[in-house]
Amino acid sequence: MTTYRSHGRATVDRAGLRRIVRPSHPSRRGGGVIPVGHHNTRPGHSTARLRVIFRVRVADGAQDRFLREYRLIRHRVARVDGYLGDQLCQSEDDPADWVITSEWRTPAHFHTWEAGAGHRELVAPLMAWVTARESLRYHVRLTTTAEPTPLHDEYRLEAKS
């Protein structure tokens with residue numbers, strides 16, 4: 001068993017993972033491994049968070065226009081039900097290579113938004129500068145933070161190895 005340093009009371013959840021319930025205190029510092037969502041054991045029926053990795057190639061010389069369009073739509077996407085956040089990243093070695101990662105409360109939230117007509121309309125100005133794209137989706141199983149976040153401040157995890 002891999003043990004993560006913690007202070008608090010240990011409990012075992014239904015999946016057999018040990019959770020450490022720590023008292024909240026604003027002065028406490030330190031990170032930990034945070035359980036994220038519950039997942040159903042049936043394939044394709046997860047309620048765990050979903051991480052979407054959208055990799056694009058931006059047309060030569062269009063990086064500034066792509067970034068401008070992204071800035072114009074990002075706050076509208078942030079209002080979509082189930083959306084938790086995103087990051088826009090540009091390759092260190094290839095300025096035409098970009099990645100947008102987003103996190104969603106459940107896969108259903110993302111798939112509902114992606115299938116809607118509003119999604120295509122919203123991203124059309126951004127996609128005008130894209131020459132190639134790839135979309136990958138991953139269920140988030142664990143999140144590690146350097147410092148506790150307000151949403152998960154009371155829970156820590158000891159994982160079985």
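The values are calculated or read from the model by the stated rules, or taken from the named source; none is laboratory data. Predicted model only: the values in this text are computed from it and were never measured. Surface areas here come from the heavy atoms of the whole protein model, side chains and all, with no ligands, DNA or RNA. Shrake-Rupley method; radii C 1.70, N 1.55, O 1.52, S 1.80 Å.
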- Residue-wise, which Karplus ³J(HN,Hα) couplings in Hz belong to segment 54-61, taking 6.51 cos²θ - 1.76 cosθ + 1.60, θ = phi - 60°, and x for glycine or proline? 10, 9, 9, 10, 9, 3, 3, x
- With every protein chain kept in the model, how would you rank Asp93, Asp86, Asp81 by accessible area, 1.4 Å probe, largest at the top? Asp93, Asp81, Asp86
- Please give the length that would be gained between Thr145 and Arg71 if that part of the chain were fully extended, namely 0.36 nm times their separation in residues minus their C-alpha to C-alpha distance (nm, one decimal). 24.0 nm
- Item | Interchain or long-range residues, amide H under 5 Å from Val140's placed H | Arg49, Leu50, Arg51
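Once the piece of chain linking Ile53 and Ala124 is laid out straight, how much longer is it, given 0.36 nm per residue of separation minus the C-alpha distance between them? Don't skip to the answer; put the middle values down first.
Numbers: separation 71, 0.36 × 71 = 25.56 nm, distance 1.80 nm.
My answer for the length gained is 23.8 nm.
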- Query: Once amide H atoms are built 1.01 Å from N in the peptide plane, which residues 5 or more positions from Leu84, or in another chain, come under 5 Å H to H?
  - Reply: Glu103, Trp104, Arg105
